[in-house]
Every structure is written in structure tokens, then in C-alpha cells.
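The structure appears below as C-alpha cells.
The values are calculated or read from the model by the stated rules, or taken from the named source; none is laboratory data. Quick caveat: nothing in here was measured; it's all calculated off a predicted structure. So basically every Cβ, Gly included, is an ideal-geometry build from the backbone, and we count neighbours across all protein chains shown. Side chains are part of the model used for accessible areas, which takes the heavy atoms of the whole protein and leaves out ligands, DNA and RNA. Shrake-Rupley method; radii C 1.70, N 1.55, O 1.52, S 1.80 Å.
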Amino acid sequence: ERVASLVSGCIARPRFIAADKTTRCHLLRAPQGYGKTVTMAQYWTDHRQACTAAAWVSIKECRSDLQALADRIWVQLSASLEPGGHDTSPSPPRESPCNLHDVATWLWETKEQLGSKVLICLDDLEFDRHSIDEIEAFMLATPAQVKFIAASSADIGFARMKARRETHEIRHDALAFTFDEAKAVALALAEERRAVSEAAIYSLWKRTQGWPEIFCL
């Protein structure tokens with residue numbers, strides 16, 4: 001429900017995350033207001049049915065608790081092994097993993113059952129900078145079919161995965177609105193407010209440098 005609310009009323013921006021077998025993680029990194037969470041939520045919504053298992057976790061909501069992070073990932077992924085798959089609301093696990101390492105081990109043990117397309121989305125990385133190394137170690141310890149999308153407004157990332165060329169970074173210049181996207185937003189807003197000329201839209205788009213939240217304001 002939360003993910004659905006994030007994408008409600010937003011223009012589609014499918015151009016960011018392309019299928020690439022060599023890329024384990026797409027990292028959206030930009031200041032607040034560039035639509036990182038919305039972009040990730042749109043990808044989740046559009047591709048979740050094609051995934052055999054999927055999990056969405058906000059690092060902010062875990063409050064620097066890696067045990068809570070491990071629990072939330074495992075509960076959502078293990079739900080795909082239950083009757084009804086990931087369309088079923090996950091129930092509390094009988095035995096939760098002790099840490100992220102245990103979740104990675106479980107992913108290897110259930111590799112065949114989980115299938116070939118496992119997606120884990122990690123939002124709000126900047127809220128627990130001290131745990132980035134542990135999170136990256138978890139990502140590296142998982143099977144190759146597990147793909148990640150992560151978002152952060154801080155200048156942090158996954159150095160080891162980047163060194164292995166397994167990370168694709170999408171920064172603010174890519175996340176900024178194109179002029180066509182700016183026109184689409186202005187057209188949608190015109191239904192509620194007065195119409196804006198294309199020249200005015202272009203001027204505003206140039207002044208905001210395509211920063212989505214500032215443009216919409």
C-alpha cells in the first residue's frame with residue numbers, strides 16, 4: 001500500500017533502470033526532491049509480478065537496527081514461498097534470522113525455490129551510514145540472481161561492488177526532469193490550476209535545472 005501511494009499521480013519515468021545481467025545494484029544517489037523513492041517504487045510496481053520474490057525496506061524505518069532490516073527482508077522474501085506467493089501479505093516468521101549474514105545464507109539455501117528473479121529495494125540509505133559496509137557485505141554474499149535497487153541522498157555507496165563493476169549509479173543529472181517530463185507535469189497541474197505556456201514551462205525548467213520537487217513547487 002505504501003509503494004502504491006508513492007507512485008499514485010506521478011508521471012511514468014521508466015528510462016532509468018535497464019535490464020543488465022552484469023549489474024547487481026542500481027544506486028540512485030541525489031539530494032532530496034529528485035524522485036529517487038518514486039523512481040524505485042515505479043520500478044517495483046512495474047516489475048514485481050515478473051519477480052519470483054521481492055522485498056522493499058526503508059533503512060530509516062529500521063532505525064539503525066540491522067536485526068530489523070534482516071527481519072523485514074526475510075519476511076517479505078519468504079512470503080513468496082507460501083501459497084499465493086508475493087501477492088499474499090507476509091505473516092510473522094516462526095524463526096527469524098539472527099542477522100543479514102543469515103539472510104544471505106538462507107537465500108543460497110532456498111535459491112532453487114525462490115527462482116531466478118529476486119529483487120530487494122533499499123530506500124533511505126543515508127539514515128544509517130555506519131551500516132553501509134554490513135549492507136554491502138550482505139549484498140555481496142547473496143546469489144547472483146538477487147538484484148538490488150538502493151537510494152541515498154548522501155555521498156555514500158558500495159565501493160567493493162563498484163570495483164567489481166556490479167553497480168550502476170544514477171545521479172541527480174540523470175534524475176532531473178527532461179523538458180518533455182516538465183511539460184507532462186505542467187499539463188497535469190493545468191487541470192487543477194491555470195494553464196501555463198510552453199515558453200513559461202521552459203523558463204521554469206531552466207531556472208530549476210530540472211530539479212523535480214523544486215519544479216513542481
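For the range 59-75, state whether one or more residues are acidic (Asp, Glu), under 26 Å from Ala176 (Cα atoms) and touching a residue at least 40 places away in the same chain (Cβ under 8 Å).
Looking through the range 59-75, none of the residues is acidic (Asp, Glu), under 26 Å from Ala176 (Cα atoms) and touching a residue at least 40 places away in the same chain (Cβ under 8 Å).
Can you tell me which residue among Ser116, Ser131 is touching a residue at least 40 places away in the same chain (Cβ under 8 Å), of a type in the set (Ser, Thr, Tyr) and assigned to a helix (DSSP H, G or I)?
Details: Ser116 fails: assigned to a helix (DSSP H, G or I).
Answer to the selection: Ser131.
Those helices (runs of 4 or more DSSP H) of the range 161-208 in which 1 or more residues are touching a helix residue (DSSP H, G or I) at 6+ places or on another chain (Cβ under 9 Å) and open to solvent by 40 Å² or more (accessible area, probe 1.4 Å) occupy 179-190, 198-208.
Right, Ala150: over 26 Å from Ile73 (Cβ atoms), touching a residue at least 40 places away in the same chain (Cβ under 8 Å) and touching a helix residue (DSSP H, G or I) at 6+ places or on another chain (Cβ under 8 Å) or not? For Ala150, the condition - over 26 Å from Ile73 (Cβ atoms), touching a residue at least 40 places away in the same chain (Cβ under 8 Å) and touching a helix residue (DSSP H, G or I) at 6+ places or on another chain (Cβ under 8 Å) - is not met. Taken over the range 66-108, the criterion of being open to solvent by 50 Å² or more (accessible area, probe 1.4 Å), assigned to a helix (DSSP H, G or I) and either modelled with pLDDT under 75 or of a type in the set (S, T, N, Q) (or both) is satisfied by Gln67, Asp87, Thr105.
Residues of the range 45-58 that are in contact (Cβ under 8 Å) with a residue 12 or more places away in the chain and open to solvent by 30 Å² or more (accessible area, probe 1.4 Å): Thr45, Asp46, His47, Arg48, Ala50, Thr52. Taking the range 136-160 as the range and being outside any helix (DSSP H, G or I), over 14 Å from the mean Cα position of the chain (by Cα) and hydrophobic (A, V, I, L, M, F, W, C) as the test, the residues that pass are Ala144, Ala154, Ile156, Phe158.
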